[in-house]
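The values are calculated or read from the model by the stated rules, or taken from the named source; none is laboratory data. Source: prediction; values computed, not measured. Here the Cβ positions follow ideal geometry from the backbone for every residue, glycine too, while neighbour counts run over all protein chains shown. To get the accessible areas, we keep the full protein, side chains included, count just its heavy atoms, and leave off ligands, DNA and RNA. Shrake-Rupley method; radii C 1.70, N 1.55, O 1.52, S 1.80 Å.
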Amino acid sequence: MPKPGLKPLLGVLLSMLLLVAVPVQVQARGGWFNPGSGEGQPSGLSGPTGSRLQEVAPPGAVEQLRRQLDQHRPKLRLRSPDDSTVTRADQVDLVLEVDDWPLRDAGDLGLGPHVAVQIDGQPPVRISEAPDGKVHLTLESLAPGSHRLSAWAAYPWGEAVTSPGATIQSRLHLWQRLTSTQPDADEPWLVPIGAATGTSDQPILVDWLLWNAPLQNLRDGDQRWRLRISLNGDSFLVDHQEALWLKGSNGREGATLQMELLDGRGEPINPVFNNRLLRLAPATAPRPAWMKEHLNERDLALLSGAPLPVKEESEPELEPEPEPVAEPEPVVSEEPDPVSAEQPQPSEEPSTEHPSTEQPSTEQPIVEEGISENGMVESSEPAPGDETLTPKSSLGGSARELLNPDGSLRQA
């Protein structure tokens, strides 16, 4: 059995555990939609008045780019004009120095890291080039009088980098200073920041800069300011600066985003400068690249301002050597031997040196030979010496033997 007095002690411990566990659970959910006593009440933060809004995690590509870019520590410095300078001209040449922020225009993918410059409540000008490490911007069509300037290093999707030195604010005066038209140097003023596309693609980025915000939460219950955010009629309160991703409104019809800076009692603080309304155009297709769940290596490099990856050249595959193909033996045409061609071909029936009989040729005339009185054989053939006049005879047998080689009659 438990000892007397142990029960109350256990009850106290259990109550303390419950009190500690509740804030931890709320913080794990994001810490934005904390329950409170209602809108405008100083005792806490209120949840959304409607049921359509939901805080979600950033897109996967945003987380990829953030990890890649958080290795940088951007610094912005205003070179000209100096803060609160009176410029006696119809335009202002603004020069900002940018360090450690890889500005990049990613072409069809949109803007990479860039610098945003805003004058008063005008839409911000987004700059992605600083060839000499400086941003040059000519401010034209400014009305004479006093103006406020904000500039910040921006992620590709438009969110402001809030590390020290990444944002600047200043005041400038055209022709002369006008009092009561801008917040004083120590007064808070609000700069709403939306996505770089300016559209209502889901989830919607909700971000802001708050200059000269009063210090708060130095002790329990010390809440000196709150920001009331309303998206298409659904509203909630926040008490610290951190970008939100909200889902639930109909992005195809556009959206209205309102931000109001309130004091600890729920009353507006300088509403002329701190009650701002943004109109987000209907969502467009295709969706921005940073809305994807994953970026490939090339798109990640383009949108983060990193060098493009170099494709490793793979070693060429060795092609197998072709097997040798047996070439056909050349066919040698039988050509007649030029030496043998010049020599007469032997006849099929070789003739004997001394034929017994010889038939007279029909092609050659028979030469009539006679014997003269002195015993010489007379012939009508031409004299020897003419190559064409070779002695020919049709005599055969013993009659040929009676003649000498020169054709004369052999003496008995």
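Worth pointing out:
- Checked against the criterion of being more than 23 Å from the chain's Cα centre (by Cα), of a type outside the set (D, E, K, R) and within 17 Å of D82 (Cβ to Cβ), the stretch 98-115 has no qualifying residue.
- For the stretch 244-274, residues that are open to solvent by 70 Å² or more (accessible area, probe 1.4 Å) and either acidic (D, E) or in a loop (DSSP other than H, G, I, E, B) (or both) total 3.
- Contact annotation: residue pairs with Cβ atoms under 9 Å, 6 or more positions apart or on different chains, pairing a residue in the stretch 212-228 that is closer than 11 Å to D239 by Cβ with a partner that is β-branched (V, I, T) and part of a strand (DSSP E or B), are R226/V238; L227/V238; R228/V238.
- Residue match in the stretch 170-191 (condition: assigned to a loop (DSSP other than H, G, I, E, B), under 29 Å from L302 (Cβ atoms) and touching a residue at least 12 places away in the same chain (Cβ under 8 Å)): no
- Residue list for the stretch 158-188, restricted to those being among the aliphatic types (A, V, I, L, M) and closer than 22 Å to D93 by Cβ: I168, L172, L174, L178
- For the stretch 289-298, residues that are in contact (Cβ under 8 Å) with a residue 12 or more places away in the chain and either open to solvent by 20 Å² or more (accessible area, probe 1.4 Å) or more than 16 Å from the chain's Cα centre (by Cα) (or both) total 5.
- Taking the listed residues Q118, Q91, Q182, Q122, the one that is of a type in the set (S, T, N, Q), in contact with a helix residue (DSSP H, G or I) (Cβ under 9 Å, 6 or more places away or on another chain) and at negative phi is Q182, with no other qualifying.
- Any chance A185 is of a type in the set (G, A, S) and surrounded by 18 or more Cβ atoms within 10 Å (Cβ to Cβ): no
- Some residue of the stretch 95-103 being open to solvent by 70 Å² or more (accessible area, probe 1.4 Å), modelled with pLDDT under 95 and out of contact with any Gly (no Cβ under 6 Å at 6 or more places or on another chain): no
- Test result for T162, over 25 Å from the mean Cα position of the chain (by Cα), within 22 Å of P74 (Cβ to Cβ), of a type in the set (V, I, T) and open to solvent by 10 Å² or more (accessible area, probe 1.4 Å): yes
- Among residues of the stretch 204-243, those that are in contact with a Phe, Trp or Tyr (Cβ under 8 Å, 6 or more places away or on another chain), in a loop (DSSP other than H, G, I, E, B) and surrounded by 20 or more Cβ atoms within 10 Å (Cβ to Cβ), counted: 0
- From the list V115, V92, V56, the lone residue that is surrounded by 14 or more Cβ atoms within 10 Å (Cβ to Cβ) and more than 19 Å from W290 (Cα to Cα) is V92.
- Close pairs (8 angstrom Cβ cut-off, 6 or more residues apart or separate chains): surrounded by 11 or more Cβ atoms within 10 Å (Cβ to Cβ) in the stretch 300-311, among the β-branched types (V, I, T) and not in a loop (DSSP other than H, G, I, E, B) anywhere: none
- Residue within the stretch 183-204 that is touching a Pro at 6+ places or on another chain (Cβ under 7 Å) and modelled with pLDDT of 95 or more present: no
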